[in-house]
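Below is one structure, written out as structure tokens; comments come after it.
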2 protein chains.
Amino acid sequence: MSLEYLFKPKSIAVIGASRYKEKVGNVVFRNLLYTYHGKLYPVNSKAEDVEGVKAYKSVKEIPDPIDMVVITVPREAVPQVMEEAVEKNVKAAIVITAGFKEVGEAELEDKVISIARKGGIRVLGPNTFGIITPEFNATFAYTDVKRGNIALVVQSGGLGVYMLNWAQKYRVGISYMVSLGNQADVKEYEVIEYLSRDPETRAIFVYLEGVSDGNSFLETLPEATKRKPVVFLKGGTTSNGAAAAKTHTGSLAGSFEVFKAAVRTVGGILVDNLHDMLNLAKLLMYSEPVTEELLVITNSGGHGVLTSDEIEKNGLRMVEIPDWMKETLRKILPPTSVPRNPLDLTGDANKERYYSALKIVSELNSTKLVIVQALPMVSCTDVARVISNFKGKGVIGITMGLDEDTALKILETTGIPAYTFPEDAVKAIKYFVNKPIPRKKIRTVQPIESAIELVKGKKTLKDYEAMKLMEIYGIRTPKWGIAESVEEAQRVADSIGYPVVMKISPDEPVHKTEMKGVVVNVEKDQVKDVYSQLSKITKRVMIQEQLNGLEVYIGGIRDPVFGHVVLVGSGGIYVEVLKNVAYGLSPIYEDEAQELLMESKIHAMLTARKRGYDENSLIRTIISVSRMIVDLNIREMDINPLFVNERGAFAVDVRIVFD
Amino acid sequence: MSLEYLFKPKSIAVIGASRYKEKVGNVVFRNLLYTYHGKLYPVNSKAEDVEGVKAYKSVKEIPDPIDMVVITVPREAVPQVMEEAVEKNVKAAIVITAGFKEVGEAELEDKVISIARKGGIRVLGPNTFGIITPEFNATFAYTDVKRGNIALVVQSGGLGVYMLNWAQKYRVGISYMVSLGNQADVKEYEVIEYLSRDPETRAIFVYLEGVSDGNSFLETLPEATKRKPVVFLKGGTTSNGAAAAKTHTGSLAGSFEVFKAAVRTVGGILVDNLHDMLNLAKLLMYSEPVTEELLVITNSGGHGVLTSDEIEKNGLRMVEIPDWMKETLRKILPPTSVPRNPLDLTGDANKERYYSALKIVSELNSTKLVIVQALPMVSCTDVARVISNFKGKGVIGITMGLDEDTALKILETTGIPAYTFPEDAVKAIKYFVNKPIPRKKIRTVQPIESAIELVKGKKTLKDYEAMKLMEIYGIRTPKWGIAESVEEAQRVADSIGYPVVMKISPDEPVHKTEMKGVVVNVEKDQVKDVYSQLSKITKRVMIQEQLNGLEVYIGGIRDPVFGHVVLVGSGGIYVEVLKNVAYGLSPIYEDEAQELLMESKIHAMLTARKRGYDENSLIRTIISVSRMIVDLNIREMDINPLFVNERGAFAVDVRIVFD
């Protein structure tokens, strides 16, 4: 059911509206009284009136229809209040009351939600700080919010307040602020989806500690991120943080790596911290065009040097100034200056020189970071006024000096992004230009008949079964065979060709190397000895063609929130050391597989020294694995190593676990 | 000669003191007039007086002795003015005039310096913005500087001004500000050394684009960093930045990796950017004790989660609250709250609850990050006053809300570090607790006689010569031999034992693998074929024992600024891909070698899967290389691979280049 009644109710009742100014129930009612132009009613079991408005003992007593209730009564009273709301045919409820799942009271929370569901009421919360919309403020924040085009969605009330404070301080206008609370009913993806359609919202900023319903998230978000930028900050990304998040909103913070993959998949932007989030908000609230090629204009050489460094460190590029433009610039620079990027207007530059320089470079297709250090010859406000003339040409102001705040205000009023640290601007641009392509994951399940046959009823696969499964899914394997006697071993090895690799073949997955169960470089005359040595561990022995090439690791897991995930990284024993593992959600598409190979540096390793290793075969293997784990609902699997060489990609050792 | 006359002159003349308010020569004179209590004289070739003070046509005409001159005349006049200063027996000069080496006029600069040197004058600059000391301001900054205990040393005038502005804005007191300019005479290390002895200075912050004299830097700095923290920010760390730095102060920015190694060696702290530098200044200007174990106290769960994440990401630790302390905390927390770290005092915490919590935890050995989000129940200023009572207990305030600036001021006046972003505090703490141990590099040169014999007159070594050189320096090699015929090859291989590795043995270093000049796994019956194949490329063939183990890369280079440097990283062909190379200056000490192995992840690789690989042998090899390259003045060398296994570390392939 739509969230229309939550965000655009025609009438609101505050249940628990209080006469005492310091009570949440009073603050919420007052905030609504001052902002809301629909019909508003206080509900208070004892008082005759609240803030001069006639109060009702129960929502049922209100003579008019009520679209939404805001509930601030003690938690024990919430079920009863919800019952009454159902009887009154209310459509939406904001439960500000806390003390539910976040402190272990899951049962009470479930009871409230089940009453609401039966009555067709959509519930925000419990344990929410409330919402702010362009029409009303149903929170207990004192803040006077500036209206604008940035929407905030937060799982933590404290962060919600912080962002509102911050918005006011930095003059960022807010369209919506939604505190999700425990998300017992209304979920983050529904709110984001709703806001993505809101014409007053230019970008959505989301603080999450966990995602409740991964499938709906993956289903809904790609559409939302196409409409406007959706920026995520995740709390609980480390084990400390995750433990803290759990006690805090009752949500379990899942694996951060999987969340990262999910955000990339849906086309969201994931920032590292609050600071980055706020800096990105400063960029996205305006319409100034931003490119990944930058031009730095400054009156301080040192700032030019540091900013160039930051640009390169963040993987952005310094734009090349064409020669004719350099010639023109030469005319306005002191004779000893060389026109280049960073463009140092030198310490004696006045506002006229800034103007001339900007005029000359304005048509250059690049983002212009205009840095001004207040010096005797020029002030930040001077240059801010100059920059204002170039709005729409990709200008961003960096103002440094005692009048920097005034200069910031001048730029912001003109609608030009402005910062006091160049690195803040550079990082915000990096996030924006690297915004991933939104992809919808369509998880078709159509297992191959022979694969079903092979895995039916099994908890794990034996090595030869795993080899067969690979082949069924079109994943290449080295030549291989199984032997249970010396004679058979000799025959199999002969048919494969020397040298061969011989390994133990246990019924359950074990760590073969650690058990000294793998012998490489076995020649014809050694097969017998090696067999008798290995058969002391397991009678059955696997014999394989010996391969060379790059050892790659491909893993598969089923995440409790986001479903099947594929991991790609360095194979062999260094996978844990190098930690160059990239994560992608199933099914993986060809272009995504390529991105995973870039991210994990496997691409760089494959193409080092031009050995002609077959990257496409590796991509195909990743894709096959990503489909197979979904088809067969595999709990976890590893291919380690997968050898990639000039002939293709070959799964050498495979471990698979089902439920 | 000491810098005493530069920083504590008894009399100053401003040569080029101007009557026109907007001229540098006027601003400098006025700044001195208002701050300096010694004897001050304007020198102006035309005017009778400047700012009401009698002016002289030349410094020579001044009737009293002059310790220092500040020169602001046009560059053409500087040599003449310097001559006169010499005649006047001046001891120090600040040359503010620009237009020397930084714009290609190296000759003019050299001329000025040679005049000064002959006359015994120490020169700061040219192209300097001037200096500020506790006694005077000899710059052309308008800023009114707050006196305090942070010293700034900058190579860029613009950054100097910026830091002064910043200091004023954030109420950071400055003891000294020194703009180095072109460093034609007075060098950064002399200034840092001088300031490290200054009793009014608590920490020194240095912005550098390049180091002029690496040996003196390495010699002087370890003593300075023992006295007080010295923090570096390097401009020109990337190729963009380096090019910009060159045009900017005429200094060539060297390899950033080597600079990083140099700063670590001398015990300096290297920050990533200006932002980090300023945040660290906020920490170091106070005496609050800081540890690497942190306790987070907050009234907002979300901030607690995010801050825990930051702490873990930065390699710091969350302190464990002892059980008895938890029991005590339980009494002051709401019944539903669990005392843990982060300690969530919850959204209804008032200042009394903050006070009680701080009282309980105050003796816990940890840094306490006290976060306050202004909420209806509590304001930032309330909590700032509470925190002030715990100065000296390792408290740091994080204030968030509309009154955060007032709260910051309250904390700063009490001498407690305070921030508005938790991540800023966490990062500052990380830099501080990871301050490296200062080490003095003593480069003794005492080459072994037989090594001199071996390398005499050579530009490179042949492979077998390189093997011998390794052995002379106690570096282990695999069993090896050289063969120039099939018979000899067979004999050598027999004596080594199978399988062997056979490689071409050219007279000049080449890329053997790319020339298909390396064959591994050679068995007895294959020696003949392999020899005849390889001998088509080079008649001489190197035969080696085939080793296994971890392939490590050890390199040596001679840096133009800092001398000999050792590189340690992954060997084999992935060295460029993984980029896990750590740099250390020769000679490397045992504990440093261990740090390099940690930094390059080689330690983790060596110890993965408990294979008993001999790390100590690798450490010995690194140390031997670091001494050998100095002894023999090697221009560059690589050992790649060095095989490390349970028996030791073995140099398999060595390339050495002399001048």
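Results, tabulated for the structure shown:
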| read-out | value |
| --- | --- |
| Segment A:396-510 - charge dipole about Cα centre, Lys and Arg +1 at Cβ, Asp and Glu -1, debye rounded to 20 | 480 debye |
| Approximate spin-label separation residue A:604-residue B:539, in nm, with each point projected 7 Å along Cα-to-Cβ | 4.4 nm |
| Ranked order, B:57, B:516, A:456 - accessible area, probe 1.4 Å, largest first | B:516, A:456, B:57 |
| A:309, B:614, B:529, reordered so the largest accessible area comes first (probe 1.4 Å) | B:529, B:614, A:309 |
| Relative contact order computed over chain B (Cα-Cα under 8 Å; 6+ residues apart), in percent | 8 percent |
| Gyration tensor (alpha-carbon) shape descriptor, the protein assembly as shown, a/c threshold 1.5 | oblate |
| Theoretical gain in end-to-end length, residue A:635 to residue A:80 [0.36 nm per residue, Cα-Cα removed] | 195.5 nm |
| Solvent-accessible ranking of B:607, B:72, largest area first, probe 1.4 Å | B:607, B:72 |
| Residue-count net charge about residue A:120 - beta-carbon cut-off 15 Å; Lys, Arg +1, Asp, Glu -1 | -1 |
| Computed E for residue A:413/residue A:331 - FRET, C-beta separation, R0 22 angstrom, nearest 0.05 | 0.10 |
| From phi via Karplus (6.51, -1.76, 1.60), per-residue ³J(HN,Hα) for segment B:596-612 in Hz, x at Gly/Pro | 5, 5, 5, 4, 7, 6, 4, 4, 4, 5, 5, 9, 4, 6, 6, 8, x |
| Efficiency of FRET between residue B:464 and residue B:646 - r from beta-carbon atoms, R0 30 angstrom, step 0.05 | 0.65 |
| Label-point separation, residue B:171 to residue B:491 (7 Å along Cα→Cβ), nm | 8.7 nm |
| Residue-by-residue Karplus 3J(HN,Hα) for segment A:518-530, coefficients 6.51, -1.76, 1.60, Hz, glycine and proline x | 10, 10, 9, 6, 7, 8, 3, 6, 9, 4, 4, 4, 5 |
| Amide H within-cut-off set for residue B:343, under 5 Å, with H built and near neighbours excluded | B:296, B:297, B:298 |
| Over segment B:377-532, relative contact order from alpha-carbon pairs under 8 Å, at least 6 apart, % | 14 percent |
| CD proxy at 222 nm, helix term only [per DSSP H run n ≥ 4: -39500 (n - 2.57); per residue of chain B; nearest 500] | -11000 deg cm²/dmol |
| Amide H within-cut-off set for residue A:398, under 5 Å, with H built and near neighbours excluded | A:370, A:371, A:372, A:419 |
| Rg over Rh [alpha-carbon atoms, Kirkwood Rh] for chain B | 1.08 |
| Interchain or long-range residues, amide H under 5 Å from residue B:269's placed H | B:230, B:231, B:232 |
| Residue B:477 accessible area, 1.4 Å probe, all protein chains in place, Å² to nearest 10 | 20 Å² |
| For residue B:169, solvent-accessible area (1.4 Å; no DNA, RNA or ligand), Å² | 60 Å² |
| Extension reserve of the residue A:406-residue A:525 stretch, reckoned as 0.36 nm per residue once the Cα distance is removed | 34.3 nm |
| Rounded FRET efficiency, nearest 0.05, which uses the C-beta distance separating residue A:60 from residue A:589 and R0 of 51 Å | 0.40 |
| Area accessible to solvent at residue A:56, 1.4 Å probe radius, in Å² | 30 Å² |
| Backbone HN-Hα couplings from phi across segment A:206-213 [Karplus 6.51/-1.76/1.60, Hz, Gly and Pro as x] | 10, 9, 10, 9, x, 10, 7, 10 |
| Three-way shape call for segment A:549-659 based on the alpha-carbon gyration tensor, with the a/c threshold at 1.5 | prolate |
| Listed residues A:429, A:500, A:466: farthest to the positive end of the dipole of segment A:417-540 (Cβ charges) | A:429 |
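The values are calculated or read from the model by the stated rules, or taken from the named source; none is laboratory data. What you are looking at is a predicted structure, and each value in this text was computed from that prediction instead of being measured. Cβ coordinates were reconstructed from backbone atoms using ideal geometry, including for glycine residues, and neighbour counts include every protein chain displayed. To get the accessible areas, we keep the full protein, side chains included, count just its heavy atoms, and leave off ligands, DNA and RNA. Shrake-Rupley method; radii C 1.70, N 1.55, O 1.52, S 1.80 Å.
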